[in-house]
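Undergrad: Dropping a structure here in structure tokens format, bear with me for questions.
The values are calculated or read from the model by the stated rules, or taken from the named source; none is laboratory data. Everything quoted here is computed from the prediction, not taken from an experiment. Cβ placement follows ideal geometry from the backbone for every residue including glycine, while neighbour counts extend to all protein chains displayed.
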Amino acid sequence: MNYNLNQASDKKAAKKLPLVVSLRKLITIISGERRNLIIAFTAIFLNAGLSLLGPYLVGYTIDTHVQAKDYNGLLMFSAILLGMYVIAFVVNYAQMKMMGGIGQRMLFSLRNSVFNKLQELPLDFFNQNKAGDLISRINNDTDKVNQFFSQSLMRFIGSLITMGGAGIILLIINLPLGLAALTPALFLWIFTKVVSPWIRRKNEASLKSLGYLSAEIQESLANFRVVITFNRRDYFMKRFNDANTENYKKSVHAGIANNTLTPVYTFGSNIGQLVVLSLGIWLIIKGYFSIGLLISFLAYISNFYNPLRQMAALWASFQQALAAWDRISHLLSFENNLSIVEDQNQHINTSYIHFREVSFSYPNGKEVLHKVSFELERGKTYAFVGPTGGGKTTTASLIARLYDATKGEILLDGKDIRSYDSCGRAKKIGFILQEPILFTGTVRDNILYGNPECSDLTNDQLEDALKEAKISSLLRRFEKGLDTPVQITGDGISLGQKQLIAFMRAILRKPELLILDEATANIDTVTEQQLEAILKNLPDSTTRVIIAHRLNTIENADQIFFVNSGEIIDAGSFEEALDLIMHGKTES
Ligand SMILES: Nc1ncnc2c1ncn2[C@@H]1O[C@H](COP(=O)(O)OP(=O)(O)OP(=O)(O)O)[C@@H](O)[C@H]1O
Ligand SMILES: [Mg+2]
């Protein structure tokens, strides 16, 4: 399955979602905030109503009180207006504060759902996407959406309502004048519709290059050891510079795109006001219009065009949020392709692992396994040998269902491997990876990773459990025993020690099948003998799969498989296997 976020999004970008669908998708994120949103919307309506009432009162005051020189009436209306402005201020403030809160909560839950999605996705997804780009989606893109929600959305809707109200009033006061005043807005609307996709595209490109930049930074930080050892700071500096320059250019383009609307909108509203002024004065001269009415009319024009001018910036922010939301929703739309399927067939097979004509290739890669079949019996020890890149790790990954076979069937304990849930499967299989993966913490934390049953044990109890599993002697390789700190980024722990931790972690879970992928490659001979003894002492029913280059480790295997060029064949005796490894071919 194609899990590449950047590849697929290019195609998706060409075909934009309709505005309504995008809006609805955005609204679903804050559906939990219904009560707060209702309050916020009420505030918006109140605010818009108050600002629409203002010009009418001003016009009325001029026509009835100012012209009649009734100063008491004038004072009273001024007081009413002041009261309205104070209420509008309070409502505005409360609404801003509330939206800030909603925005932060939304950001929180959005980041949560993106991160939860990452937890659900299979290894394939992580092979195809760079960590830095994912981090950028979790941090930057969600923040862009949040910015729109907390800062712009309410102003956006408020502006829309005020504009709508003012537009209607303009038409009611005087239809021809109203129509003339609103015509520039029609052109602005058409202009906006035409340039919006361009604005969104520019923002998308800018976010994408930001993701790329973040991936570059992440990669050079993760590999700083190699960078320093090979003294290739210049190489990473250049790559960083390229990514940074690209991001700079894309951001400038996005900035230009975001700012195109403002001058055009300002021009449009000026034209609108000019039209009203000239037409209005002509109407007054002709006696169709009072001065007060013209002042109200001009105020409503401002009430229409001021929010419209604001809309220019808000609309750009909206396009930016949509571009960010596209990137997030693309990630959220992925489903784990390793779904659990019901095992329909009755298998009479009793072996523990059974590969039936299994073929496998990585996405966009050549076939690594071609129609291979083999069986692993309970309680036996198997060795997988073969040249580098032959497919040993791939085979082990299929046994642990890190990937699904492209063709064929894999049975685990007599059932289709795809019928187990990930918990059930992980319980049965202990996999010590070629590159042990640890987390920052202590040795104890790392041994207990993925083992909730033991997580409450005290250090003494845990040591007893390790003793019972006959692996406590390995703890001696750590200066402070269980409490030895583990740092992932720096030094402080050797590769061999990492492998020991991975070993203890796997054995303590008492798996039915233990897979060791080059697990002893970095361990001294004495410790390796210790590990061998531990392996021998595992319960009789434990099946062992050992992948090794060092031949002494496979001497005691019950059966040796040779993995190469898409094939897995029985290598026969140890001597025959040796011959295969040396010459890469079978005797027959
Ligand atoms: N994540 C991946 N994506 C694409 N191709 C991969 C991936 N992992 C491995 N391959 C390819 O699959 C083939 C088999 O790789 P695999 O890691 O299984 O070999 P191996 O026998 O374990 O080698 P080694 O002895 O070096 O560990 C190689 O050609 C490799 O390039
Ligand atoms: Mg390997």
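Undergrad: Conditions: (1) at pLDDT below 90; (2) within 16 Å of ligand 1 (Cβ to nearest atom); (3) of a type in the set (Gly, Ala, Ser); (4) outside any loop (DSSP other than H, G, I, E, B). ALA426 meets all but one. Number of the miss?
TA: All conditions are met except number (2).
Undergrad: Tell me which residues, restricted to segment 139-168, are among the β-branched types (Val, Ile, Thr) and buried (at least 20 other Cβ atoms within 10 Å of the Cβ).
TA: Applying the first criterion (among the β-branched types (Val, Ile, Thr)) to segment 139-168 yields 142, 145, 157, 161-162, 168.
Within segment 139-168, THR142, VAL145, THR162 qualify.
Undergrad: Do you know which residues across segment 429-457 are more than 27 Å from the chain's Cα centre (by Cα), assigned to a loop (DSSP other than H, G, I, E, B) and within 16 Å of ligand 2 (Cβ to nearest atom)?
TA: Within segment 429-457, just GLN434 meets the criteria.
Undergrad: Can you name the residue in segment 366-390 that is within 15 Å of ligand 2 (Cβ to nearest atom) and surrounded by fewer than 19 Cβ atoms within 10 Å (Cβ to Cβ) and, of all such residues, is nearest to ILE581 (Cα to Cα)?
TA: The initial filter retains those residues of segment 366-390 that are within 15 Å of ligand 2 (Cβ to nearest atom), namely 368-369, 383-390.
Subsequent filtering for residues that are surrounded by fewer than 19 Cβ atoms within 10 Å (Cβ to Cβ) retains 387-389.
Details: PRO387: 7, THR388: 11, GLY389: 13 Å.
Per the stated criteria, the residue is PRO387.
Undergrad: Just to check your reading of the model, which residue among ARG418, ARG425 is without any contact (Cβ under 8 Å) to a residue 40 or more places away in the chain and in the same structural domain as THR520 (by TED's automatic domain parsing)? Spell out the reasoning first.
TA: Working: ARG418 fails: without any contact (Cβ under 8 Å) to a residue 40 or more places away in the chain.
Being without any contact (Cβ under 8 Å) to a residue 40 or more places away in the chain and in the same structural domain as THR520 (by TED's automatic domain parsing) holds for just one of ARG418, ARG425, which is ARG425.
Undergrad: Taking segment 273-301 as the search range and keeping residues that are buried (at least 18 other Cβ atoms within 10 Å of the Cβ) and of a type in the set (Gly, Ala, Ser), which one is nearest to ASN174 (Cα to Cα)?
TA: The extreme case among them is GLY280.
Undergrad: So which residues in segment 86-109 are without any contact (Cβ under 8 Å) to a residue 12 or more places away in the chain and either over 27 Å from the mean Cα position of the chain (by Cα) or not in a helix (DSSP H, G or I) (or both)? Full working, then the answer.
TA: Step one: of segment 86-109, the residues without any contact (Cβ under 8 Å) to a residue 12 or more places away in the chain are 86, 89-90, 93, 97, 108.
If the condition is that a residue be without any contact (Cβ under 8 Å) to a residue 12 or more places away in the chain and either over 27 Å from the mean Cα position of the chain (by Cα) or not in a helix (DSSP H, G or I) (or both), then VAL86, PHE89, VAL90, TYR93, LYS97 are the ones that fit.
Undergrad: I'd like the full set of residues that are part of a strand (DSSP E or B) and either free of Cβ contacts under 8 Å to residues at least 12 places away in the same chain or away from ligand 1 (no atom under 16 Å from the Cβ) (or both), limited to segment 372-382.
TA: First pass over segment 372-382, keeping only residues part of a strand (DSSP E or B): 372-376, 381-382.
The answer is SER373, GLU375, LEU376, THR381.
Undergrad: For the structure I just gave you, tell me whether PHE191 is over 31 Å from the mean Cα position of the chain (by Cα) and assigned to a helix (DSSP H, G or I).
TA: Details: over 31 Å from the mean Cα position of the chain (by Cα): yes; assigned to a helix (DSSP H, G or I): yes.
Yes; evaluated as a whole, the condition is true for this residue.
Undergrad: Same structure, new question: Of the residues that sit in segment 391-420 and are within 10 Å of ligand 1 (Cβ to nearest atom) and surrounded by 21 or more Cβ atoms within 10 Å (Cβ to Cβ), which one is nearest to ASN2 (Cα to Cα)? Give the derivation first.
TA: Here is the first cut: in segment 391-420, the ones within 10 Å of ligand 1 (Cβ to nearest atom) are 391-398, 402-403.
Now restrict to residues that are surrounded by 21 or more Cβ atoms within 10 Å (Cβ to Cβ): 391-392, 395-396, 398.
Working: GLY391: 22, LYS392: 24, THR395: 21, ALA396: 22, LEU398: 18 Å.
Per the criteria, the residue is LEU398.
Undergrad: Filter segment 506-554 for residues that are of a type outside the set (Val, Ile, Thr), part of a loop (DSSP other than H, G, I, E, B) and either in contact with a strand residue (DSSP E or B) (Cβ under 9 Å, 6 or more places away or on another chain) or within 16 Å of ligand 2 (Cβ to nearest atom) (or both) and give the result.
TA: So the first thing to find is which residues in segment 506-554 are of a type outside the set (Val, Ile, Thr), and the list is 506, 508-514, 516-519, 521-522, 524, 528-533, 535-541, 544, 548-552.
Now drop any that are not part of a loop (DSSP other than H, G, I, E, B), which leaves 509-512, 518-519, 521-522, 524, 537-541, 548-550.
Scanning segment 506-554 gives ARG509, LYS510, PRO511, GLU512, GLU518, ALA519, ALA521, ASN522, LEU538, ALA548, HIS549, ARG550.
Undergrad: How many of the residues in segment 530-547 are within 16 Å of ligand 1 (Cβ to nearest atom) and either surrounded by fewer than 20 Cβ atoms within 10 Å (Cβ to Cβ) or on the phi > 0 side of the Ramachandran plot (or both)? Walk me through how you get there before you give the answer.
TA: First, the residues of segment 530-547 that are within 16 Å of ligand 1 (Cβ to nearest atom): 545-547.
Right, trim to either surrounded by fewer than 20 Cβ atoms within 10 Å (Cβ to Cβ) or on the phi > 0 side of the Ramachandran plot (or both) and you get none.
The qualifying residues number 0.
Undergrad: Moving to a separate point now. Please indicate, with yes or no, whether at least one residue in segment 117-134 is within 16 Å of ligand 2 (Cβ to nearest atom) and in the same structural domain as LEU221 (by TED's automatic domain parsing). Lay out the reasoning, then the answer.
TA: Residues of segment 117-134 within 16 Å of ligand 2 (Cβ to nearest atom): 123, 127.
Okay, now just the ones that are also in the same structural domain as LEU221 (by TED's automatic domain parsing), so 123, 127.
For segment 117-134, residues within 16 Å of ligand 2 (Cβ to nearest atom) and in the same structural domain as LEU221 (by TED's automatic domain parsing): present.
Undergrad: Quick check: is even one residue across segment 384-404 in contact with a Lys or Arg (Cβ under 9 Å, 6 or more places away or on another chain) and more than 22 Å from HIS549 (Cβ to Cβ)? Break it down stepwise before answering.
TA: Pass one, segment 384-404, residues in contact with a Lys or Arg (Cβ under 9 Å, 6 or more places away or on another chain): 384-386, 400-401, 404.
Within this subset, residues satisfying the condition of being more than 22 Å from HIS549 (Cβ to Cβ) are 401, 404.
Yes; the residues of segment 384-404 include at least one that is in contact with a Lys or Arg (Cβ under 9 Å, 6 or more places away or on another chain) and more than 22 Å from HIS549 (Cβ to Cβ).
Undergrad: Run ILE340 past the list (1) within 16 Å of ligand 2 (Cβ to nearest atom); (2) not assigned by TED's automatic domain parsing to the domain that holds PHE561 and report the number of the one that doesn't hold.
TA: (1)
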